[in-house]
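Take a look at the structure below.
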Amino acid sequence: MIKGLIFDLDGVITDTAEYHYLAWKSLAKKLDIEMDRAFNEQLKGISRMESLDLILKHGNKENDYTEEEKQELATQKNEEYQHYIEEITHDDLLPGIERLLKEAKEKGIGMALASASKNGPKIIRQLEIDELFDGTVVDPASLRAGKPDPEIFLKGAEILGLKPEECVGLEDAEAGVESINAAGMFSVGVGSEAAMHKADYIVKDTKELTLDRILKAAEK
Ligand code: B16
Ligand code: MG
């Protein structure tokens, strides 16, 4: 029986991907590296430092910076990103998400956040949904390995006091779906059939995410 929903943030609850893209693009420009939206797809769901490494590699500059300089570059990107997320409000919840969160709360389904973003707690406060995730946000700084490793979703289940098979994980990134599957949970993928082909259940849009549909699919 499903007793918990474990949510990714960027791309499932709200769309912060555009802000990540703008902030990375501006940093890449300073470093004389070209990056477009197609390349940006690879950065979804992966950590800040892993994203920087991919961008440097993309520009053939992976050996040009010390660890300390890379930390500084990542900080610059994050400062710009934080300016963008200041603007987030409750209205930035993706379609259907508010209803899903309400339905889950009413039915006593546990909810946890499994986002790779260290800005997650601030974003859910801006969205005014932080009370629904009180004490159930996995701290990405505590992880040994990021997505596609199952650790982040397993920690989410542990925080909820549930077994992995009692949880559904919701993701929009391929690495995230792999993480849910490896955790032994039912995976819901938001996106195209092609991008989400590893998910147990696929919806094209968050609008289609109702608790009823998710539970029916997971408990089949
Ligand atoms: P931060 P998610 C991920 O969020 C983003 O998809 C990814 O692009 C970003 O690099 C990562 O968070 C880290 O974010 O720099 O704020 O710590 O999809 O796991 O909710
Ligand atoms: Mg995501």
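Here are Ala23, Ala38, Ala28: which of them is out of contact with any Leu (no Cβ under 8 Å at 6 or more places or on another chain) and touching a residue at least 60 places away in the same chain (Cβ under 8 Å)?
Ala23
Yes/no matrix, rows are residues, columns are (1) of a type in the set (D, E, K, R); (2) away from ligand 2 (no atom under 15 Å from the Cβ); (3) in contact with a Lys or Arg (Cβ under 9 Å, 6 or more places away or on another chain):
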{"residue": "Lys70", "(1), (2), (3)": "yes, yes, no"}
{"residue": "Thr75", "(1), (2), (3)": "no, yes, no"}
{"residue": "Glu79", "(1), (2), (3)": "yes, yes, no"}
{"residue": "Leu94", "(1), (2), (3)": "no, no, yes"}
{"residue": "Ala104", "(1), (2), (3)": "no, yes, no"}
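Looking at segment 12-31, which of the residues that are of a type in the set (Phe, Trp, Tyr) and in contact with a Lys or Arg (Cβ under 7 Å, 6 or more places away or on another chain) is surrounded by the fewest Cβ atoms within 10 Å (Cβ to Cβ)?
The qualifying residue surrounded by the fewest Cβ atoms within 10 Å (Cβ to Cβ) is Tyr21.
Scan segment 192-215 residue by residue and report those that are farther than 12 Å from Ile2 by Cα and in contact (Cβ under 8 Å) with a residue 40 or more places away in the chain.
Matches in segment 192-215: Asp205, Thr206, Lys207, Glu208, Leu209, Thr210.
Pull up segment 145-167, narrow it to residues that are small (Gly, Ala, Ser) and assigned to a loop (DSSP other than H, G, I, E, B), then point me to the one that is farthest from the chain's Cα centre (by Cα).
Only one residue fits best here, namely Gly161.
Determine which member of the set Leu9, Leu52 is surrounded by 20 or more Cβ atoms within 10 Å (Cβ to Cβ), within 10 Å of ligand 1 (Cβ to nearest atom) and more than 21 Å from Gln126 (Cα to Cα).
Among Leu9, Leu52, only Leu52 is surrounded by 20 or more Cβ atoms within 10 Å (Cβ to Cβ), within 10 Å of ligand 1 (Cβ to nearest atom) and more than 21 Å from Gln126 (Cα to Cα).
Please count how many residues of segment 111-144 are farther than 22 Å from Glu79 by Cα, touching a residue at least 40 places away in the same chain (Cβ under 8 Å) and assigned to a loop (DSSP other than H, G, I, E, B).
Looking only at that region, the number is 2.
Quick check on my filter: what residues within segment 32-49 are crowded, with 16+ Cβ neighbours inside 10 Å and in a loop (DSSP other than H, G, I, E, B)?
Answer for segment 32-49, where residues must be crowded, with 16+ Cβ neighbours inside 10 Å and in a loop (DSSP other than H, G, I, E, B): Ile33, Met35, Lys44, Gly45, Ile46, Ser47.
Which condition from (1) more than 21 Å from Leu43 (Cα to Cα); (2) modelled with pLDDT of 95 or more is the one that Glu219 breaks?
(2)
Within segment 115-131, can one find any residue that is surrounded by fewer than 20 Cβ atoms within 10 Å (Cβ to Cβ) and closer than 16 Å to Lys3 by Cβ?
No, segment 115-131 contains no residue that is surrounded by fewer than 20 Cβ atoms within 10 Å (Cβ to Cβ) and closer than 16 Å to Lys3 by Cβ.
Checking the structure you have, find out if any residue of segment 57-69 is among the hydroxyl-bearing types (Ser, Thr, Tyr), surrounded by 14 or more Cβ atoms within 10 Å (Cβ to Cβ) and modelled with pLDDT under 95.
no
Could you tell me which numbered condition Met196 fails, if it satisfies all but one of (1) assigned to a loop (DSSP other than H, G, I, E, B); (2) surrounded by 19 or more Cβ atoms within 10 Å (Cβ to Cβ); (3) more than 15 Å from the chain's Cα centre (by Cα)?
Tallying (1) assigned to a loop (DSSP other than H, G, I, E, B); (2) surrounded by 19 or more Cβ atoms within 10 Å (Cβ to Cβ); (3) more than 15 Å from the chain's Cα centre (by Cα), Met196 fails exactly one: (3).
With the requirement that a residue be within 12 Å of ligand 1 (Cβ to nearest atom), at pLDDT below 95 and not acidic (Asp, Glu), what does segment 20-41 give you?
The answer is Asn40, and nothing else.
Could you say which residue among Gly169, Gly146 is within 16 Å of ligand 2 (Cβ to nearest atom), out of contact with any Pro (no Cβ under 6 Å at 6 or more places or on another chain) and either aliphatic (A, V, I, L, M) or closer than 23 Å to Gln82 by Cβ (or both)?
Gly146
The values are calculated or read from the model by the stated rules, or taken from the named source; none is laboratory data. This is a predicted model, so every value here is computed, not measured. FYI the Cβ positions are ideal-geometry reconstructions off the backbone, even for glycines, and counts take in every protein chain you see.
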